[in-house]
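Engineer: This is the structure, below, for whatever I ask next.
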There are 2 protein chains.
Amino acid sequence: MNLPLGFAYATTYAGIRAVEKDDLALIVTGLPATAAGVFTQNRVQAAPVRLGRRHLHSSKGLIGAVVINAGNANCATRTGDAVALTTCKSAAKLLRLPVNQVVPSSTGVIGVELDVRKITDALPRLVAGLNPDGFEQASRAIMTTDLVPKTAFAEVKLRRGTVRIAGMTKGSGMIQPLMATTLGYVMTDANIPAAPLRAMLKRGVERSYNRISVDGDTSTNDTLLLLANGASGVRPDPKEMPMMEAAITDVMESLAQQIARDGEGATKFITITITGAPSNEGAAKMARAIANSPLVKTAIAGSDPNWGRILSAAGNAGVAFDPARTDIHMQGVAVCKSGLAAPFSEQELKKKLDAPDCDIRVAVKGKGKGEARFWTCDLTEGYIRINASYRT
Amino acid sequence: MNLPLGFAYATTYAGIRAVEKDDLALIVTGLPATAAGVFTQNRVQAAPVRLGRRHLHSSKGLIGAVVINAGNANCATRTGDAVALTTCKSAAKLLRLPVNQVVPSSTGVIGVELDVRKITDALPRLVAGLNPDGFEQASRAIMTTDLVPKTAFAEVKLRRGTVRIAGMTKGSGMIQPLMATTLGYVMTDANIPAAPLRAMLKRGVERSYNRISVDGDTSTNDTLLLLANGASGVRPDPKEMPMMEAAITDVMESLAQQIARDGEGATKFITITITGAPSNEGAAKMARAIANSPLVKTAIAGSDPNWGRILSAAGNAGVAFDPARTDIHMQGVAVCKSGLAAPFSEQELKKKLDAPDCDIRVAVKGKGKGEARFWTCDLTEGYIRINASYRT
């Protein structure tokens, strides 16, 4: 897959995380890109989130560089704001950009001071090492408890030429993004003005990052940036914008799914589909309640077709629906018909549930037309092991 | 501790659960008791919950007997309503009570038909075996994944004499009661009219059962009943009602705490106290968000003083507060002052966190006076083991 033109990447180990593994990434676009961002809804927001949001606003959505560190969230620290600002200033000076065209991102532990000199010392070698092919390495440098890097690509053939989209993201715990996820960067070389770009991001997030959860926790650092630098020289015409948006949404959906699939301790990827709810919002609430139920997630871990937990979790969503008109399918097998046990072979279904992909469908047979899809993962002893000892 | 006068209990193994262990309990009061009940808020409600609510209403809050089975929730089954009604009819006939003075309760697996003959066959020997001292045995018969029976007692000395209160409850998973818990029964021999009894229960639940969570799941069968049979011959005078209410609330608070302490797989009991929130409701929301955060619960399991997760979880509650004016204490040790890391010995605090009781205090220093206490438990690999194989 071809990368979007006009972007370059660099990574290094700056000594921020204990293990010697790249922990600092720089994404630069030669032509300043129009940018749209969504950030965490957590009341506690990390310094780089606050500064990134200000920069996007004051630069009128024009961004030249993103500096991302892993290993420290730069959140709830004495020097957080200064660290974020110094990072941007330092990168801006080296790249000859206005300070507000740099967005900082951080991910890692909360409440530990981040030594900004580790970043400023590393930035010159990052700038010197910028490489259009460094995308894959950058996607690795932003990982924390992730087991695999998460990337997605698309090409869109428009009338005036081809444009490319590439996205990278990280995250496997503290995942219940609301308007954003832990960190995600989607680059395209299409030429798209800031206003439609923002609208695309907003709608796309609703169908991707806002439809996954690992543990129901929303991080203090969630950031998703969409950058369009126009380096392809191709501007989608108005009729082509829906196609462009679909491709960008597909990339975001793939990234979001990869996060759920790589959920901390996960052994199974779960797709939840709701139909017949009173509204799409109601369907999403029901899907989220099922996705966040530890009882459903542990049942899937144990390949237990315990549909009663699915029905009960849906009932906790605060959405009006009639359980007696509800069907549930697991792996395509009807387990509940009109709110009652359907006849199925428990042994055969248990075997089907041993697969790495689990499909849960909840259909309410009523007047409602609300639908939603949602992705999550099972809950295993691995999640406990990872999170009982994250800092130590 | 003396039991309330005028109540009798009986238990037996009716063959409802696989393991041969009492699974059917009968509570009877000689004098019909005024009764107040709160039930699950889940949209999916078990047949006994629906019938119990109707009986409480149609009998105008006068109850003579409660029949409780463990091992089957009698929820989402074809015959559920008939099973619940036949249970009440059968008990009513043996006890010579109107049918609507019997309340049924069920707990266990959802979606499996409950053979009512197991109950009707057992009821005659239960009635024959009624015993004023059977309280402790009844508290064991209603257990499912509980490791220990949960009971609490109080005596209140009133001007006209002494009254007694005794409560039993069960539950250790699928626990986030809202208005009720999985099953709970509080008996008193005081003479209290139905209306004030209902008010007492409503306020008391707010401070007890609605302040605990194990896994954030609300069951389909949650029921809490408060029965006052007046067998002591003592009616609290209006001035004594607050004292009476305080004693009943204390019993409910103790029962609720015992549920959190016996949370599935739990090794630690966690008390969360919030002060300085915009309102008591806001404080409760913040406490609940912390109590339901898998990241906080796993950190406590690992004795990790990871206060950043506590702050982040509080930030997810949707309550306005200033993180920069927030202090956090763990085990009495200041770990976060004004939103920043406080100096503390990580090693010493880790040792303190190995204790079976964990205390988390979050103080917002602002104009708010909202306070809440909330109880939960840690999240361990034991929870996963129990719930990945509950049915098998």
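Engineer: Looking at (1) without any contact (Cβ under 8 Å) to a residue 40 or more places away in the chain; (2) in a loop (DSSP other than H, G, I, E, B); (3) not small (Gly, Ala, Ser), which is the one condition that is false for A:Pro242?
Structural biologist: Unmet for A:Pro242, out of (1) without any contact (Cβ under 8 Å) to a residue 40 or more places away in the chain; (2) in a loop (DSSP other than H, G, I, E, B); (3) not small (Gly, Ala, Ser): (2).
Results for (1) facing chain A (nearest Cβ under 9 Å); (2) in contact with a Ser or Thr (Cβ under 8 Å, 6 or more places away or on another chain); (3) closer than 22 Å to B:Ala260 by Cβ, shown as yes or no for each residue.
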| position | (1), (2), (3) |
| --- | --- |
| B:Glu281 | no, no, yes |
| B:Ala287 | no, yes, yes |
| B:Ala301 | yes, yes, yes |
| B:Thr326 | yes, yes, no |
| B:Ala341 | yes, yes, no |
| B:Pro356 | no, yes, yes |
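Engineer: Looking only at residues in segment B:358-377 that are touching a Ser or Thr at 6+ places or on another chain (Cβ under 6 Å) and within 13 Å of chain A (Cβ to nearest Cβ), which one is farthest from B:Ala320 (Cα to Cα)?
Structural biologist: B:Thr376
Engineer: Next question, about the same structure. Looking at the structure I just gave you, is A:Ile310 of a type outside the set (Gly, Ala, Ser), within 12 Å of another protein chain (Cβ to nearest Cβ) and either in a strand (DSSP E or B) or more than 19 Å from A:Ala256 (Cα to Cα) (or both)?
Structural biologist: yes
Engineer: For segment A:271-307, name all the residues that are closer than 21 Å to A:Leu147 by Cβ and either buried (at least 24 other Cβ atoms within 10 Å of the Cβ) or modelled with pLDDT under 90 (or both).
Structural biologist: A:Ala291, A:Lys297, A:Thr298, A:Ile300, A:Ala301
Engineer: Could you count how many residues in segment A:343-354 are away from chain B (no Cβ under 11 Å) and among the polar types (S, T, N, Q)?
Structural biologist: Within segment A:343-354, residues that are away from chain B (no Cβ under 11 Å) and among the polar types (S, T, N, Q) number 1.
Engineer: Given the conditions (1) within 14 Å of another protein chain (Cβ to nearest Cβ); (2) closer than 15 Å to B:Thr87 by Cα; (3) within 18 Å of the chain's Cα centre (by Cα); (4) not aromatic (Phe, Trp, Tyr), which single one is not true for B:Arg50?
Structural biologist: Here B:Arg50 meets the rest and fails (3).
Engineer: A further question follows. Would you kindly identify the strands (runs of 3 or more DSSP E) lying entirely within segment B:321-374 that contain at least 3 residues that are assigned by TED's automatic domain parsing to the domain that holds B:Ala283 and charged (D, E, K, R)?
Structural biologist: Fully inside segment B:321-374 and qualifying: B:357-364.
Engineer: Can you tell me which residues in segment A:269-281 are over 11 Å from A:Trp375 (Cα atoms) and either within 15 Å of the chain's Cα centre (by Cα) or outside any helix (DSSP H, G or I) (or both)?
Structural biologist: Within segment A:269-281, A:Ile274, A:Thr275, A:Gly276, A:Ala277, A:Pro278, A:Ser279 qualify.
Engineer: Name the pairs: first residue in segment B:214-227 and over 19 Å from A:Gly318 (Cα atoms) and within 11 Å of chain A (Cβ to nearest Cβ), second residue modelled with pLDDT of 85 or more and surrounded by fewer than 24 Cβ atoms within 10 Å (Cβ to Cβ), Cβ to Cβ under 7 Å, at least 6 apart or on different chains?
Structural biologist: Correct list of pairs: B:Val214/B:Ala260.
Engineer: So, one more: Can you pull out the residues in segment A:364-380 that are touching an Asp or Glu at 6+ places or on another chain (Cβ under 8 Å) and surrounded by fewer than 19 Cβ atoms within 10 Å (Cβ to Cβ)?
Structural biologist: A:Lys365, A:Gly366
Engineer: Would you mention how many residues in segment A:30-51 are part of a loop (DSSP other than H, G, I, E, B) and either touching a His at 6+ places or on another chain (Cβ under 9 Å) or of a type outside the set (Gly, Ala, Ser) (or both)?
Structural biologist: Number of matching residues: 6.
Engineer: Can you find, within segment A:62-85, the residue that is nearest to the chain's Cα centre (by Cα) among those that are within 11 Å of chain B (Cβ to nearest Cβ) and buried (at least 22 other Cβ atoms within 10 Å of the Cβ)?
Structural biologist: Per the stated criteria, the residue is A:Ala73.
Engineer: Can you pull out every residue in segment B:249-268 that is within 12 Å of the chain's Cα centre (by Cα), more than 10 Å from B:Trp375 (Cβ to Cβ) and assigned to a loop (DSSP other than H, G, I, E, B)?
Structural biologist: Selection gives B:Asp262 alone.
Engineer: Identify the residue in segment A:130-141 that is in contact (Cβ under 8 Å) with a residue 40 or more places away in the chain and either within 14 Å of chain B (Cβ to nearest Cβ) or surrounded by 15 or more Cβ atoms within 10 Å (Cβ to Cβ) (or both) and, among all such residues, is nearest to B:Leu340 (Cα to Cα).
Structural biologist: A:Ala141
The values are calculated or read from the model by the stated rules, or taken from the named source; none is laboratory data. These figures come from a predicted structure and were not determined experimentally. Glycine gets a Cβ as well: all are built from the backbone with ideal geometry, and neighbour counts include every protein chain shown.
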